[in-house]
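The values are calculated or read from the model by the stated rules, or taken from the named source; none is laboratory data. Owing to the predicted nature of the structure, the values given are computational and were not obtained by experimental measurement. Because the Cβ atoms are built from the backbone with ideal geometry, glycine has one as well, and the counts that use them run over all protein chains shown. Protein only, heavy atoms only, side chains kept; ligands, DNA and RNA dropped before computing areas. Shrake-Rupley method; radii C 1.70, N 1.55, O 1.52, S 1.80 Å.
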Amino acid sequence: MGTKRSHDGSNVSDPETPEKKSGHWAFGLLTSMKDPKSLVEEDTKIVVIKDKYPKAELHYLILPKDDISSLKQLRKCHLELLKHMDQVAERIASKHPKRKFRLGYHAVASMSRLHLHVISDDFNSSCLKTKKHWNSFTTEFFIQSKKVIADLQEFGKISPLSKDESKKLMDSPLCCHKCSFLATNMPKLKTHLLTHLKEVD
Ligand code: AMP
Ligand code: ZN
């Protein structure tokens, strides 16, 4: 019986085994949306939750209440919703004026229900462990919220990344997102990232 790991390696299950939709790890965000401990804020259209395995000091997810599973489902009729999600993301980021944030979507998400990442760019977290984690936020695998909106406006849909493109981005060298430092492994990258933390305070 095969097992599969999410990007986090945190939820392990057998993707081949039919499970109740809400029971599979890939649907964990739907559970968190209803959990008062995860909930940050909500309105009639969206819910903001704390990322359960944050990859930075501040890491939130904005999800639509409508059942949109991923970027693939997006059409022009969703533009207003995406703009609203972007505005909420900007407002959350603006509460922390000393920090920089990345607002965007993973090109290929591991969790179901569309979710916009709002993540501080310190990347200072014990949950940030793997090259995949790093490259999923620092390469073109991370599609900025405003680019998703612009692409949807222009093309009427979001073109998916091919498996080859996706693999290439995930296998990219470990480049620091703030300087030209190139790390040979994750521990070295994480040690290096601490040198940029001083700049936050
Ligand atoms: P992705 O689908 O790759 O865009 O990312 C999914 C995000 O959801 C990751 O940042 C995970 O840390 C986070 N995550 C995984 N399971 C849960 C959960 N049950 N509740 C909240 N966040 C989660
Ligand atoms: Zn650096």
Sole exception among (1) modelled with pLDDT under 95; (2) buried (at least 20 other Cβ atoms within 10 Å of the Cβ) for residue 101, by number: (1)
Evaluation of residue 201 against (1) at pLDDT 95 or above; (2) away from ligand 1 (no atom under 16 Å from the Cβ); (3) surrounded by fewer than 16 Cβ atoms within 10 Å (Cβ to Cβ) (one fails), failing number: (1)
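Hey, could you check the stretch 51-64 for residues that are open to solvent by 20 Å² or more (accessible area, probe 1.4 Å) and in contact (Cβ under 8 Å) with a residue 60 or more places away in the chain and say which is farthest from residue 103 (Cα to Cα)? Give the steps one after another, and end with the answer.
Filtering the stretch 51-64 for residues open to solvent by 20 Å² or more (accessible area, probe 1.4 Å) gives 51-54, 57-58, 60.
Checking the rest, the ones that are also in contact (Cβ under 8 Å) with a residue 60 or more places away in the chain come to 51, 53-54, 57-58.
On the way: 51: 14, 53: 17, 54: 14, 57: 15, 58: 12 Å.
Per the criteria, the residue is 53.
Can you tell me which residue among 188, 167, 131 is loosely packed, with under 15 Cβ neighbours inside 10 Å and away from ligand 2 (no atom under 12 Å from the Cβ)?
On the way: 188 fails: away from ligand 2 (no atom under 12 Å from the Cβ); 131 fails: loosely packed, with under 15 Cβ neighbours inside 10 Å.
Exactly one of 188, 167, 131 is loosely packed, with under 15 Cβ neighbours inside 10 Å and away from ligand 2 (no atom under 12 Å from the Cβ), namely 167.
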Residue that is farthest from ligand 2 (Cβ to nearest atom) [pool: residues in the stretch 93-128 that are of a type in the set (Val, Ile, Thr) and closer than 13 Å to residue 56 by Cβ]: 118
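Can you tell me which of 85, 111 is within 16 Å of ligand 1 (Cβ to nearest atom) and assigned to a helix (DSSP H, G or I)? Before you say what the answer is, go through the steps one by one.
Working: 111 fails: assigned to a helix (DSSP H, G or I).
85 is the lone residue from the list that is within 16 Å of ligand 1 (Cβ to nearest atom) and assigned to a helix (DSSP H, G or I).
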Single match in 67, 35 (criterion: free of Cβ contacts under 8 Å to residues at least 40 places away in the same chain, open to solvent by 30 Å² or more (accessible area, probe 1.4 Å) and in a loop (DSSP other than H, G, I, E, B)): 35
Condition broken by residue 181, with the remaining ones in (1) open to solvent by 90 Å² or more (accessible area, probe 1.4 Å); (2) within 15 Å of ligand 2 (Cβ to nearest atom) satisfied: (1)
Failed criterion for residue 40 (all others in (1) surrounded by 19 or more Cβ atoms within 10 Å (Cβ to Cβ); (2) within 14 Å of ligand 1 (Cβ to nearest atom); (3) of a type in the set (A, V, I, L, M) hold): (1)
